[in-house]
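Asker: Take a look at the following structure, please.
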Amino acid sequence: RVDEEYITPDWFYRIEATTITEEVQRWPKDTWERGLGEHLGAREISACIPISTSIKLMGFFLCGLKTGRRALSVTDIKCLEDTGEHLALYIDNYTLSSELNVRIKELEKVYEDLRTADEFKAEIIQVMAHELRTPVTIISGFAQVLVDNWDRLTEEDKLASFRSMNKACLRFSNLSGQFTILTDYQRGEVETRFILINIMQLVEDACNALDPESSKRVDNRLGSDDFIFSDYEYLSNIMKNIISNALRFSPREDPVIVYGQEEDE
């Protein structure tokens, strides 16, 4: 019977032990038991057995009328109570098994997150080691040239060497900053500050961070009226990386064109 009152009546939750309907109807201890007998009898329930463990109550096992409508015997009641105990044991084991499966899935997710984080770190270290090798090699090389040939180099050669070393240092600093941003992002420590950004100015700022020769190759076709609401620092880093990659992996005689269009606001 699908009846809300029948399924979850308030009077159920005062039942603490096996209750035989006929007994509480004939010999009620108080008004509540008399009312309980009426409720159970009206619903043709001959007995109510709590399904519980030593820790908690899980529900109730309700028994309909006995065939022939005879009174429940001691054997019947013992059978019902044993059934209730087995149901409690089954439900308790099933609940524990379900909770264990949930915990296992949570642990599997944690393990997968840790494995992903470990792979991320390994990949970042490998990439950074590769990327940092270039500026370090440039700085080391020019420093060695200056040490070995200082007296033979012209002032113009020395200045050119220092400029190359300075350029390599800027690249080194930029890579280190990106590494810090990536590690912060991986740890979930990214803080964003959204402001209205002029995209044309953003690209110009990214180009100003390049060396003069590379910046001349960038053809900025964004309009001065193009704005976006975003975090300037992170968006700027993205733009610098995109332009730097375009410059690095395209023919030197070709320009790098930056343009954009508005879609769906």
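Asker: For the range 53-92, give me each residue that is small (Gly, Ala, Ser) and within 16 Å of Thr18 (Cα to Cα).
Answerer: Step one: list which residues in the range 53-92 are small (Gly, Ala, Ser), which gives 54, 59, 64, 68, 71, 73, 84, 88.
Those that are small (Gly, Ala, Ser) and within 16 Å of Thr18 (Cα to Cα): Ser54, Gly59, Gly64, Ala71, Ser73, Gly84, Ala88.
Asker: Additional query: Which residue pairs have Cβ atoms under 8 Å apart, sit 6 or more places apart or on different chains, and have a first residue in the range 153-173 that is under 11 Å from Val136 (Cα atoms) and a second that is of a type in the set (Ser, Thr, Tyr) and in a helix (DSSP H, G or I)?
Answerer: Partner pairs satisfying both residue conditions: Ala168/Thr134; Arg171/Thr134.
Asker: Can you tell me how many residues in the range 46-81 are part of a helix (DSSP H, G or I), open to solvent by 50 Å² or more (accessible area, probe 1.4 Å) and on the phi < 0 side of the Ramachandran plot? Walk me through how you get there before you give the answer.
Answerer: The initial filter retains those residues of the range 46-81 that are part of a helix (DSSP H, G or I), namely 67-69, 74-81.
Of the ones still in play, those that are also open to solvent by 50 Å² or more (accessible area, probe 1.4 Å) are 67-69, 74-75, 78-79, 81.
Remaining after also requiring on the phi < 0 side of the Ramachandran plot: 67, 74-75, 78-79, 81.
So the count comes out to 6.
Asker: For residues that are within 27 Å of Leu182 (Cβ to Cβ) and without any contact (Cβ under 8 Å) to a residue 12 or more places away in the chain, scanning just the range 210-256, find the one that is surrounded by the fewest Cβ atoms within 10 Å (Cβ to Cβ).
Answerer: Going through the qualifying residues, I end up with Phe249.
Asker: Right, next: Whether any residue in the range 194-210 is farther than 21 Å from Val258 by Cβ and either of a type outside the set (S, T, N, Q) or out of contact with any Phe, Trp or Tyr (no Cβ under 6 Å at 6 or more places or on another chain) (or both) is what I want to check.
Answerer: Quick first cut of the range 194-210, residues farther than 21 Å from Val258 by Cβ only: 194.
Keeping just the survivors that are either of a type outside the set (S, T, N, Q) or out of contact with any Phe, Trp or Tyr (no Cβ under 6 Å at 6 or more places or on another chain) (or both) gives 194.
Scanning the range 194-210 turns up at least one residue that is farther than 21 Å from Val258 by Cβ and either of a type outside the set (S, T, N, Q) or out of contact with any Phe, Trp or Tyr (no Cβ under 6 Å at 6 or more places or on another chain) (or both).
Asker: Another question, if that's okay. Yes or no: Asp151 of a type in the set (D, E, K, R) and over 26 Å from Gln178 (Cα atoms)?
Answerer: On the way: of a type in the set (D, E, K, R): yes; over 26 Å from Gln178 (Cα atoms): yes.
So Asp151 fits the description; yes.
Asker: Please determine whether any residue of the range 257-264 is touching a residue at least 40 places away in the same chain (Cβ under 8 Å) and open to solvent by less than 80 Å² (accessible area, probe 1.4 Å). Working first, answer last.
Answerer: Within the range 257-264, the subset touching a residue at least 40 places away in the same chain (Cβ under 8 Å) is 258, 260.
Next cut, open to solvent by less than 80 Å² (accessible area, probe 1.4 Å) only: 258, 260.
There is at least one residue in the range 257-264 that is touching a residue at least 40 places away in the same chain (Cβ under 8 Å) and open to solvent by less than 80 Å² (accessible area, probe 1.4 Å).
Asker: Same structure, new question: Can you find a residue that is modelled with pLDDT of 85 or more, out of contact with any helix residue (DSSP H, G or I) (no Cβ under 6 Å at 6 or more places or on another chain) and under 30 Å from Cys169 (Cβ atoms) anywhere in the range 48-67?
Answerer: No, because not a single residue in the range 48-67 is modelled with pLDDT of 85 or more, out of contact with any helix residue (DSSP H, G or I) (no Cβ under 6 Å at 6 or more places or on another chain) and under 30 Å from Cys169 (Cβ atoms).
Asker: Oh, and also: If the requirement is being within 41 Å of the chain's Cα centre (by Cα) and either open to solvent by less than 70 Å² (accessible area, probe 1.4 Å) or on the phi > 0 side of the Ramachandran plot (or both), which of these qualifies: Ala143, Ala129?
Answerer: Numbers: Ala143 fails: within 41 Å of the chain's Cα centre (by Cα).
Of the residues listed, the single one that is within 41 Å of the chain's Cα centre (by Cα) and either open to solvent by less than 70 Å² (accessible area, probe 1.4 Å) or on the phi > 0 side of the Ramachandran plot (or both) is Ala129.
Asker: Taking only the range 21-45 into account, find how many residues are open to solvent by less than 20 Å² (accessible area, probe 1.4 Å), among the β-branched types (Val, Ile, Thr) and either more than 18 Å from Gly59 (Cβ to Cβ) or part of a helix (DSSP H, G or I) (or both).
Answerer: Residues flagged as open to solvent by less than 20 Å² (accessible area, probe 1.4 Å), among the β-branched types (Val, Ile, Thr) and either more than 18 Å from Gly59 (Cβ to Cβ) or part of a helix (DSSP H, G or I) (or both) within the range 21-45 amount to 2.
Asker: Any chance the range 185-203 includes a residue that's more than 21 Å from His130 (Cβ to Cβ), more than 36 Å from the chain's Cα centre (by Cα), open to solvent by less than 60 Å² (accessible area, probe 1.4 Å) and not hydrophobic (A, V, I, L, M, F, W, C)? Full working, then the answer.
Answerer: First pass over the range 185-203, keeping only residues more than 21 Å from His130 (Cβ to Cβ): 187-203.
Next cut, more than 36 Å from the chain's Cα centre (by Cα) only: none.
Taking every residue of the range 185-203 in turn, none turns out to be more than 21 Å from His130 (Cβ to Cβ), more than 36 Å from the chain's Cα centre (by Cα), open to solvent by less than 60 Å² (accessible area, probe 1.4 Å) and not hydrophobic (A, V, I, L, M, F, W, C).
Asker: Also, I was wondering about something else. Are there any pairs, at least 6 apart or on different chains, whose C-beta atoms fall under 7 Å, with the first in the range 38-59 and without any contact (Cβ under 8 Å) to a residue 24 or more places away in the chain and the second assigned to a helix (DSSP H, G or I), and if so, which?
Answerer: Leu40/Thr21; Gly41/Thr21; Gly41/Gln25
Asker: Looking only at the range 223-265, filter to residues that are over 36 Å from the mean Cα position of the chain (by Cα) and more than 29 Å from Ala160 (Cβ to Cβ); which one of those is modelled with the highest pLDDT? If you could, list the steps in order and put the result at the bottom.
Answerer: Just the residues of the range 223-265 that are over 36 Å from the mean Cα position of the chain (by Cα), to begin with: 223-225, 250-257.
After this cut, where a residue has to be more than 29 Å from Ala160 (Cβ to Cβ) as well, the list is 223-225, 257.
Working: Gly223: 82, Ser224: 81, Asp225: 82, Ile257: 94.
By that ranking, first place goes to Ile257.
Asker: Here's a follow-up. If a residue has to be over 14 Å from Val127 (Cα atoms) and among the hydroxyl-bearing types (Ser, Thr, Tyr) to count, how many in the range 168-185 make the cut?
Answerer: 2
The values are calculated or read from the model by the stated rules, or taken from the named source; none is laboratory data. Remember, it's a predicted structure, so these values are computed and weren't measured experimentally. Cβ sites come from the backbone with ideal geometry, for glycine too, and all protein chains shown count toward neighbours. Only protein heavy atoms, including side chains, enter the accessible area calculation; ligands, DNA and RNA are left aside. Shrake-Rupley method; radii C 1.70, N 1.55, O 1.52, S 1.80 Å.
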